[in-house]
Amino acid sequence: MATVNAYLNFPGNCEEAFNFYKSVFGGEFQGGIMRFRDVPPSDNVPPMPEDTKNMVMHVLRGSYRQIWRPLDVQLCRERNRSIKKH
């Protein structure tokens, strides 16, 4: 049987959107919400701005045949630009 893994990109409101989906469809997030602050710091990456640490990096929701994987992409785009400048 086929499995669908949908990657959903949000402009900073991922948590709000997925809490809404949770209120409509019920259920829980599998493994909770992973935030950018949960990633260990690296010497090769500039420090993360304080206002972005709480943004969503990963939320897993779905069943064995349908999985949603959202994240706040605006942050990723801005962060990648800053990494490339260095």
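Here is the figure for region 1-40: residues that are closer than 13 Å to Arg61 by Cα, part of a strand (DSSP E or B) and touching a residue at least 40 places away in the same chain (Cβ under 8 Å) total 5.
Yes or no, residue by residue, for (1) surrounded by 14 or more Cβ atoms within 10 Å (Cβ to Cβ); (2) in contact with a Gly (Cβ under 8 Å, 6 or more places away or on another chain):
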residue: Ala17; (1), (2): yes, no
residue: Phe20; (1), (2): no, no
residue: Gln30; (1), (2): no, yes
residue: Phe36; (1), (2): yes, no
residue: Pro40; (1), (2): no, no
residue: Val45; (1), (2): no, no
residue: Asp51; (1), (2): no, no
residue: Val56; (1), (2): yes, no
residue: Arg61; (1), (2): yes, yes
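In a residue-by-residue description of region 41-61, the property of being under 9 Å from the mean Cα position of the chain (by Cα), assigned to a helix (DSSP H, G or I), under 14 Å from Val73 (Cβ atoms) and at pLDDT 85 or above applies to no position.
The values are calculated or read from the model by the stated rules, or taken from the named source; none is laboratory data. Remember, predicted model here, so these are calculated numbers, not experimental data. FYI the Cβ positions are ideal-geometry reconstructions off the backbone, even for glycines, and counts take in every protein chain you see.
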